[in-house]
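A short worksheet on the structure shown next.
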Amino acid sequence: MKVAILTGASGGIGSQIAQILCENDYAVIGCYRNNAAVCDAMASDINISGVFQPYCLNLRSEDEAIDLAKYTMETFGRIDLLVNCAGIGEIAPLTESLRWEEIIDINLCGTIRMCKAVLPFMLRRGKGDIVNISSVWGNCGSACEAPYSASKGGINAFTKALAKEVGVMGIRVNAVAPGFIDTEMNSSLTARDIADIRDDIPLRRTGTPDDIAKAVLNLVNSPYVTGQVITVDGGWTI
C-alpha cells in the first residue's frame, strides 16, 4: 500500500481525491483545518475498504508541516504522494480585499511549505510524486480575484521550477488547474450566473470534483510526465 498526504481533504475536491486514492490502494493522511466532522465522517466510510486518517493542520505553520511529514513517516514508514489541495478565495476588487495576505499565505506559501517538509523523505527514497491543485485563473487571471489568481499563477511557476529541480532525483511534480467546479467555493453564484458560465463551456456542463480527482490519479499513473499544469475545464478557457 502506498501512502499519500492530502491537504484540503474536507473540501469538495479534496474529499473526492481522498476517495479515489483510497480506492487505488493508497493510505491517505487527510488534512483539514476547521472541518473535523467532515473528515471524521469520511474516515468512517472509507475505512471500511481503505485507509483514511484525518489530521488537523495549520498550513500557515512551517513547524506543523514538518511535524506532519515526520508523523507520516513514523506511522507508515514512507511518503509516496503529496497532493496540495487546500485553498481559499475571495471575490472582491483588490482595493477592497481583506484577505489577500491570507490567500497568498495559504494557497501559495502553504503549498511551498508542504513540499519543503515532504521532499527530504522522498529524496531519501529516490522517488515520489507531488500534485498541486492550481486553477484556470492561475493561467489567465480573473477580475475581482487578483490575489487568488496570483496565488495560483505562483503555484504553476513553482510546479515547473520544482519539477526541474528534483526530477533528476526521481521526484515528479505536476499540477491540475480546475475550471468551474461545482463545489461550496462557488455557492455564492446564482443559478443564472452558473447557466451563463455553462453556456461558455464547450462540453456544456460544469465540472465535478470527480473530474479533478481522476485528473490527479491520471498524473500519478503517468510516470513520464512532470512539470505540467493540466487544465481540466471542459474547454472553458480555450
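Just so you know, all these numbers are worked out from the coordinates, no wet-lab data involved. Note that the structure is predicted; figures quoted are calculated from it, not measured. Quick reminder, even Gly has a Cβ in these numbers, built from the backbone with ideal geometry, and neighbours come from all protein chains shown.
Hey, which of these cross-link pairs are over 19 Å Cα-Cα: LYS2/LYS214; LYS2/LYS70; LYS2/LYS160?
Numbers: LYS2/LYS214 17 Å; LYS2/LYS70 16 Å; LYS2/LYS160 25 Å.
From LYS2/LYS214; LYS2/LYS70; LYS2/LYS160, over 19 Å: LYS2/LYS160.
Please list, ordered by chain and number, the residues whose modelled amide H lies under 5 Å from the amide H of ILE88; skip anything fewer than 5 residues away on the same chain.
ASN107
Distance between the C-alpha centers of the stretch 95-132 and the stretch 162-225? Whole Å please.
The stretch 95-132 and the stretch 162-225 have Cα centres spaced 17 Å from each other.
At q = 0.09, 0.12, 0.15, 0.20 Å⁻¹, what log₁₀ I(q)/I(0) does a Debye calculation on the Cα points of the stretch 24-165 give, no solvent, two decimals?
-0.31, -0.54, -0.82, -1.24
Would you mind ranking SER188, SER61, SER151, SER97 so that the residue whose beta carbon has the fewest other beta carbons within 10 Å leads the list?
Taking fewest neighbouring Cβ atoms as first place, the list is SER188, SER61, SER97, SER151.
Could the peptides 33-45, 207-219 be put in order, highest first, of the mean number of other beta-carbon atoms found within 10 Å of their residues?
In decreasing order of mean packing, 33-45, 207-219 become 207-219, 33-45.
Kindly write out, for the stretch 106-122 in residue order, the coupling ³J(HN,Hα) from the Karplus curve 6.51 cos²θ - 1.76 cosθ + 1.60 (θ = phi - 60°), rounded to whole Hz, with x marking Gly and Pro.
With the stated coefficients, the stretch 106-122 comes to 7, 5, 8, 5, x, 4, 5, 4, 5, 4, 4, 6, 8, 4, x, 6, 5 Hz.
Nearest 0.05, what FRET efficiency do TYR71 and GLU102 give at R0 = 22 Å with Cβ-Cβ as r?
Calculated value: 0.30.
Apply the Karplus parameterisation 6.51 cos²θ - 1.76 cosθ + 1.60, with θ equal to phi minus 60°, to every residue of the stretch 148-161 and state each ³J(HN,Hα) to the nearest whole Hz, in sequence, with x for glycine and proline.
Using θ = phi - 60°, the values come out as 4, 4, 5, 5, 6, x, x, 4, 4, 5, 4, 4, 5, 5 Hz.
Over the residues of the stretch 39-80, compute the C-alpha Rg and express it relative to 2.2 N^0.38 Å.
Normalised Cα radius of gyration, the stretch 39-80: 1.31.
Per residue of the stretch 132-140, what does 6.51 cos²θ - 1.76 cosθ + 1.60 with θ = phi - 60° give for ³J(HN,Hα)? Whole Hz please, x for Gly and Pro, Karplus curve as stated.
Here the 3J(HN,Hα) series is 9, 8, 9, 6, 4, 6, x, 8, 10 Hz.
If you add up the charges near ILE106, with Lys and Arg at +1 and Asp and Glu at -1, over every other residue whose beta carbon is less than 11 angstrom from its beta carbon, what do you get?
It works out to a net charge of +1.
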